[in-house]
Amino acid sequence: EKGLHFYNSMLQDYNISPDKEHYSCVVDLYSRSGKIDDAWKFISSLREGAEIDVLGCLLGACRVHNRMDIAELVANRIFEKNPSDPGYHILLSNMYADAGMWSDVTKIRTIIEERSLKNITGNSLF
C-alpha cells in the first residue's frame, strides 16, 4: 500500500514521469504480495507498453506463485518484443516442466532449437 501511495504521489503531487525502473518496482510490489493479477493489470494499463525488463519481472513472479495463466500472456508479450532472447524461452520451458505440461515444454524447446537460440553464460573477471 505504501509503495503504491508513493508511486501515485510521484505522478500526481510531483508530476514526475515514471520510467521502467518505477514500473518494475510497482510490479515487484504487487508480486511480492501475491497480487499477480493486479501486476498484470498495471502492465496492461501502461500507455507505451511495458519494457521487456518489466515483463520479465512479472514472468519471474508468475513462476514463484505458480500462475501459468498470466505467465503465458506475459511470455507472449516478451516474445513479440524480442523473439530471440533465449533466457525467457528457457524460463517458460522450466515453468511448463514444473507444472508437468510436457507438450508445452517440447514446443518451447523446439522453438529454441529451430531458432538456434543460445543462452550466453556469464563469466566474472574475479
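We did not get these values from a lab; they are worked out from the coordinates using the rules stated. Since this is a predicted model, take the numbers as computed values, not measurements. Note that each Cβ is placed from the backbone with ideal geometry, even for glycine, and that neighbours are counted across all protein chains shown.
Could you list Y23, Y7 in order of exposure, starting from the residue whose Cβ has the fewest other Cβ atoms within 10 Å?
Y7, Y23
Over 22 Å between Cα atoms, which of K2/K35; K2/K81; K41/K81; K35/K107; K41/K118; K41/K107 qualify?
K2/K81; K35/K107; K41/K118; K41/K107
What's the longest uninterrupted piece of the chain once you rule out the trypsin sites (Lys or Arg not before Pro) that are loop residues per DSSP with at most 14 other Cβ within 10 Å?
The segment 48-114 is the longest one with no such site.
Which residues does the label zone of R32 cover in region 47-83, counting backbone N under 20 Å from a point 7 Å along Cα→Cβ?
Residues 53-67 fall inside that zone.
Near E51, within a Cβ-to-Cβ distance under 15 Å, what is the net charge of the other residues, with Lys and Arg +1 and Asp and Glu -1?
My count for the surroundings of E51 gives -3.
Determine the principal axes of the Cα atoms in the chain, then give the extent along each, sorted from largest to smallest and rounded to whole angstroms.
50, 36, 32
Using all C-alpha to C-alpha distances in region 1-55, build P(r) with 10 Å bins and read off the rounded percent in each one.
Per 10 Å bin, starting at zero, the Cα-Cα P(r) for region 1-55 comes out as 24, 59, 17 percent.
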